[in-house]
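J.: The structure follows.
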Amino acid sequence: MSELSMDDLMFRPGLMKGQRILITGGGTGLGKVMAEACVMLGAQVYIWGRRGSVIAETAKELTDAHGALAGGRCTGIACDIRVPEAIHDAMDEVWVGGALTGLVNNAAGNFISRTEDLSPKGFDAIANIVFRGSFFVTLDAGKRWLAEGKHASVVSILTTWVWNGGPFTVPSAMSKAGLNVMTQSLAVEWGNRGVRFNAIAPGPFPTEGMSARLNPGGGGMLGEADPTIPLNRNGEMRELANLAVYLLDPGSAYVNGQTIAIDGGSHLKGGGGFARLAEWGDAEWEQARNAIRATNEKDRAQRTV
Ligand code: HXC
Ligand code: NAP
């Protein structure tokens with residue numbers, strides 16, 4: 001079932017007409033909603049994933065729901081981004097219709113685990129998708145853009161763990177941090193040849209894929225409203241979709257090398273160590289003010305100059 005209506009988007013109808021966007025992992029979750037927004041705004045969107053039936057179903061659903069009105073279209077191609085040759089073949093298929101104007105590195109794998117319980121294969125299961133796979137997709141498209149002198153926007157979907165770490169999700173946090181550095185590095189290396197790089201670091205946006213691997217059994221940190229989030233709620237899909245469209249569209253052409261958090265301010269909450277003070281009411285603040293004033297008065301009384 002489609003997630004968005006035009007009222008959810010900040011942009012004029014037809015904004016993305018003529019744009020050609022690839023979204024890895026676009027068959028489900030956040031990738032699907034970003035694909036939907038692009039189709040609704042008139043883009044030709046390609047989605048990749050390993051499960052051919054999921055990809056085909058989503059592509060049909062999004063084209064049927066929005067294509068006729070907006071002129072946009074979604075095409076699904078089964079592709080495992082762990083395999084460079086498979087990426088190259090799928091990219092050939094995409095390029096038949098012309099160069100891409102945008103790429104969203106969204107496909108990922110993740111699960112919670114104590115780090116000491118991980119096997120090498122467990123680490124590779126994540127790193128081969130997120131770290132290596134996203135790089136191989138970027139490289140394959142990048143070589144084509146540079147050879148053809150085409151302009152493009154690359155948006156990678158990270159996590160806020162790239163700034164403050166991800167205990168119990170270390171292979172994911174390490175891999176996403178690598179993509180953060182890829183974003184910064186290629187923004188400089190390829191920026192003057194028309195290919196720009198940005199990233200989005202979402203806080204919790206509950207999806208089936210994420211809940212099954214990070215919140216098995218339900219409850220806990222990824223439940224309904226999370227009191228540790230300053231805005232006291234999870235993200236809404238349309239909020240993520242609007243940010244992705246902004247970064248993909250040439251309207252944001254001077255934004256390059258940035259990673260933008262969309263997390264209600266969560267990753268800043270430890271800032272200064274005083275986050276817990278948000279729980280204080282008038283009485284606690286009055287008490288603190290009086291105690292601080294008393295200390296100041298005592299110190300003043302002892303001053304000789
Ligand atoms: C420890 C585990 C494990 C677990 C798998 N492994 N799950 N180890 N704890 N919970 C180990 C296995 O034991 C095996 O190693 C190795 O990983 C490979 O396992 P497979 O099941 O064969 O892997 P595979 O079929 O390739 O599946 C890949 C996957 C899977 C990553 C493990 O979860 C997947 O396909 N995920 C795609 C979707 C996804 O994860 N979406 C969530 C994104 S959400 P051994 O040595 O035993 O053989 C997200 C949110 C972040 O990123 C931010 C939230 C705020
Ligand atoms: P999701 O629905 O599980 O999406 C992951 C997608 O990646 C799936 O469609 C999956 O499809 C695809 N994928 C996995 N391995 C692949 C491979 N080897 N080749 C091609 N496609 C592959 O989870 P989500 O929550 O929407 O996550 C989307 C992105 O947002 C991820 O990068 C995630 O780390 C990031 N993120 C999510 C949240 C959140 O709260 N949801 C927060 C921060 C960041 P197949 O299994 O069919 O291949």
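Read-outs: derived from the displayed coordinates by stated rules, not from any lab. Bear in mind the structure is a predicted one, so any value in this text is a computation, not a measurement. Every residue, glycine among them, receives a Cβ derived from its backbone with ideal geometry; neighbour counts consider all protein chains shown.
J.: Can you tell me how segment 174-272 classifies by the Cα gyration tensor, rounded, prolate or oblate, using a/c under 1.5 as the rounded cut?
T.: Because a/c hits 1.5 or more and a/b exceeds b/c, segment 174-272 counts as prolate.
J.: Between the alpha-carbon centers of segment 135-188 and segment 230-247, tell me the distance in whole angstrom.
T.: Rounded to whole Å, the Cα centres lie 20 Å apart.
J.: Return a whole-number percent for the relative contact order of the chain, with Cα pairs under 8 Å and 6 or more residues apart as the contact set. Walk me through the numbers on the way to the answer.
T.: Working: 541 pairs, mean separation 47.6, N = 305.
Relative contact order, the chain: 16 percent.
J.: Which one of L62, L41, L214 has the biggest mean-square fluctuation once the chain is modelled by GNM with Cα springs under 10 Å?
T.: Fluctuation is largest for L214.
J.: May I pose another question? Among A68, A283, A56, determine the one that fluctuates most according to a GNM of the chain built with springs between C-alpha atoms less than 10 Å apart.
T.: Largest GNM mean-square fluctuation: A283.
J.: Using the structure shown, list the pairs from K143/K176; K60/K143; K32/K176 with a Cα-Cα distance above 25 Å, or answer none.
T.: Working: K143/K176 22 Å; K60/K143 30 Å; K32/K176 20 Å.
Beyond 25 Å: K60/K143.
J.: Which angle between 0 and 90 degrees, to the nearest 10, do you get for helix 134-148 versus the longest principal axis of the chain when only C-alpha atoms count?
T.: Tilt relative to the chain: about 60 degrees.
J.: Now for a different question. Using the Cα centre as the reference, give the magnitude of the dipole from point charges on the C-beta atoms of the chain (Lys, Arg: +1; Asp, Glu: -1; all else neutral), rounded to the nearest 20 debye.
T.: 740 debye
J.: Build a GNM of the chain with springs between Cα atoms under 10 Å: which of N232, N290, N164 gets the top mean-square fluctuation?
T.: N290
J.: Considering the options T75, A35, M16, tell which one lies farthest towards the positive end of the dipole of segment 5-116, charges being +1 on Lys and Arg and -1 on Asp and Glu at the Cβ, about the Cα centre.
T.: Going by the Cα projections, it comes out as M16.
J.: Assigning unit charges at the beta carbon (Lys, Arg +1; Asp, Glu -1) and nothing else, what dipole magnitude in debye, to the nearest 20, does segment 25-113 show about its Cα centre? Please report the intermediate quantities before stating the final value.
T.: On the way: 6 positive and 9 negative charges, 41 e Å.
Using Cβ point charges on Lys, Arg, Asp and Glu, segment 25-113 gives about 200 debye.
J.: Which of rounded, prolate, oblate describes the chain, given a ≥ b ≥ c as roots of the alpha-carbon gyration tensor eigenvalues and a/c under 1.5 marking rounded, otherwise prolate only if a/b is larger than b/c?
T.: Working: a/c = 1.95, a/b = 1.86, b/c = 1.05.
Prolate is the answer for the chain, as a/c is 1.5 or above and a/b outweighs b/c.
J.: Can you tell me the 0 to 90 degree angle between the C-alpha axis of helix 237-248 and the longest principal axis of the chain, rounded to 10?
T.: For helix 237-248, the angle is close to 70 degrees.
J.: For segment 35-179, with only Lys/Arg (+1) and Asp/Glu (-1) charged at the beta-carbon, what is the dipole magnitude about the Cα centre, in debye rounded to 20?
T.: Around 260 debye, computed over segment 35-179.
J.: Summing -39500 (n - 2.57) over the DSSP H runs of n ≥ 4 in the chain and dividing by its residue number, what mean residue ellipticity at 222 nm do you reach, to the nearest 500 deg cm²/dmol? List each step's numbers first, then the result.
T.: Details: 10 runs with 122 residues, N = 305.
Computed ellipticity for the chain at 222 nm equals -12500 deg cm²/dmol.
J.: By how many degrees, between 0 and 90 and to the nearest 10, does the Cα long axis of helix 52-62 differ from the longest principal axis of the chain?
T.: Between helix and principal axis, roughly 80 degrees.
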